[in-house]
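Engineer: This is the structure, below, for whatever I ask next.
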Amino acid sequence: MKIAVDARTLGSRPSGVGMYLNDFLKQLVKYDELEFVLISDVAESEYIKAFEKMGITVLTQGKQIYKSVGVYGYFMFVQKMLDRVKPDIFWEVNTVIPIKLKGNFKTMITIHDMFPIEYVQYFGRVYSTYFKKNLKMTLKNTDMILYNSEQTKRTTEIYFPEAKEINNCNAYIISNPLKDKWVTMDDDYFLYVGNMEKRKGVDLLLKGYTRYRQLGGNKKLILAGKMQEEEIRKQLDETMKRTKGITYLDYVTHDKKHELYASMSAFVFPSKAEGFGMPIIEVMKFNKPIIASNLPIFYEIADDNINTFSLIGCNEYEQTENLAQAMINYNDNVDVNSYKEIVARFAPEKLGRKVYEFILGVR
């Protein structure tokens, strides 16, 4: 069975969706019945190059595409590649297909969240309209849906009831075992790793950390991730000028991220909207405390084994104060056995086989 994949999220400096694809591909390529062809705008990341070295075909447009009208041109390129490859399945990992693709193949999409519809303030009305309109069209031509959580499935079916009629599978997100044995220590800092944007709560974290310092806290704060919003960049610069102890590392490599996990005091994840929250599972492998917002998804994936602060139903002042108090008073006693049990739910072999069986079941 030949599967063509839109691998654009893996092409250059991949974050959440790109790493989701990377981890599932690493499992799925082990099955002899499946043959993969990756389609991307560019092939610059270490991850997509690794698949090329494995002998997997990677077809590229040759120029990087961003969220703009260029996306439509990119999907015209995708159509040409599908005409050439003639796959049995086309897998759109990034949810939306903005044009009607033609060909004798089934279409599988991954739905990560409904945030462009739920949180218009973080995405803008133009992208929200684009997402809603084009996902509706995409679903009309979709044969299979992969969800990353039960919460995402429920929310999708509220906004798009027609999704209930499409074959679907909740595969969560793969969490890979650590390759190296890390010596953990406490270098007296809080850590945030993720995109630098409001949806992830970075604005709240900067305010909360300032308040934490005012309350007498003295741990440092390290932030790592791609800068996504100019407003956050300005807020970070201003906060660093008046509040000591903050370091921003920009995008970090896989190994550097693990190095940071191993040496932190606690991980802070104040996300305001999250489809899954992979960093929480990653941190559990290092047996470190976690402070996160009280989003339902975090209870779904982590039970009651993390420190949470009230975000939902609170105004901005209350959210800031709640986060600062959580940073002051967090419980640093980790239930190691519970962490291990949670991490095991997201094992690569388990979830990879689940998707493999799903694909074979609806071909």
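Engineer: Please go through region 1-39 and give me each residue that is open to solvent by 10 Å² or more (accessible area, probe 1.4 Å), of a type in the set (D, E) and under 21 Å from R84 (Cα atoms), ordered by number.
Structural biologist: E33, E35
Engineer: Right, another one. Only one of these conditions is not met by M76: (1) open to solvent by less than 60 Å² (accessible area, probe 1.4 Å); (2) more than 20 Å from L351 (Cβ to Cβ); (3) of a type in the set (A, V, I, L, M, F, W, C); (4) part of a helix (DSSP H, G or I). Which number is it?
Structural biologist: Among (1) open to solvent by less than 60 Å² (accessible area, probe 1.4 Å); (2) more than 20 Å from L351 (Cβ to Cβ); (3) of a type in the set (A, V, I, L, M, F, W, C); (4) part of a helix (DSSP H, G or I), the lone unmet condition for M76 is (1).
Engineer: Counting only residues that are small (G, A, S) and in contact with a Ser or Thr (Cβ under 7 Å, 6 or more places away or on another chain), which one in region 234-273 is nearest to W182 (Cα to Cα)? Give the steps one after another, and end with the answer.
Structural biologist: Going through region 234-273, the residues small (G, A, S) turn out to be 245, 262-263, 265-266, 271, 273.
The next check asks that each one be in contact with a Ser or Thr (Cβ under 7 Å, 6 or more places away or on another chain); those that pass are 262, 271.
On the way: A262: 7, S271: 27 Å.
Ranking the candidates gives A262 first.
Engineer: Among V126, V71, which is open to solvent by 60 Å² or more (accessible area, probe 1.4 Å), within 29 Å of M278 (Cβ to Cβ) and of a type in the set (A, V, I, L, M)?
Structural biologist: Answer to the selection: V126.
Engineer: Quick check on this structure: which one of L178, L191, L204 is touching a residue at least 40 places away in the same chain (Cβ under 8 Å) and in a helix (DSSP H, G or I)? So that I can check it myself, show each step before the final result.
Structural biologist: On the way: L178 fails: in a helix (DSSP H, G or I); L191 fails: in a helix (DSSP H, G or I).
One residue alone meets the criteria, L204.
Engineer: Report yes if some residue within region 40-53 is β-branched (V, I, T) and either surrounded by 18 or more Cβ atoms within 10 Å (Cβ to Cβ) or in contact with a Pro (Cβ under 8 Å, 6 or more places away or on another chain) (or both); otherwise report no.
Structural biologist: Taking region 40-53 as the starting set, the residues that turn out to be β-branched (V, I, T) are 42, 48.
Okay, now just the ones that are also either surrounded by 18 or more Cβ atoms within 10 Å (Cβ to Cβ) or in contact with a Pro (Cβ under 8 Å, 6 or more places away or on another chain) (or both), so 48.
So far as region 40-53 goes, yes, one or more of its residues are β-branched (V, I, T) and either surrounded by 18 or more Cβ atoms within 10 Å (Cβ to Cβ) or in contact with a Pro (Cβ under 8 Å, 6 or more places away or on another chain) (or both).
Engineer: Is it true that some residue in region 138-148 is closer than 28 Å to K198 by Cα and open to solvent by 50 Å² or more (accessible area, probe 1.4 Å)?
Structural biologist: No: zero hits.
Engineer: Could I ask something else about it? Is there a residue being touching a Phe, Trp or Tyr at 6+ places or on another chain (Cβ under 7 Å) and open to solvent by 40 Å² or more (accessible area, probe 1.4 Å) anywhere in region 106-115?
Structural biologist: Checking region 106-115: not a single residue is touching a Phe, Trp or Tyr at 6+ places or on another chain (Cβ under 7 Å) and open to solvent by 40 Å² or more (accessible area, probe 1.4 Å).
Engineer: If you don't mind, there's one more thing I want to ask. Give, as residue ranges, the helices (runs of 4 or more DSSP H) completely inside region 242-320 that count at least 1 residues that are closer than 16 Å to G225 by Cβ.
Structural biologist: Values: elements: 254-263, 278-284, 296-302.
In region 242-320, the matching helices (runs of 4 or more DSSP H) lie at 254-263, 278-284.
The values are calculated or read from the model by the stated rules, or taken from the named source; none is laboratory data. Computed from a predicted model, the values in this text were never measured in an experiment. For neighbour counting, all protein chains shown are included, and Cβ atoms are generated from backbone atoms with ideal geometry for every residue, glycine included. Quick note on the areas: whole protein, heavy atoms, side chains included, nothing else; ligands and nucleic acids left out. Shrake-Rupley method; radii C 1.70, N 1.55, O 1.52, S 1.80 Å.
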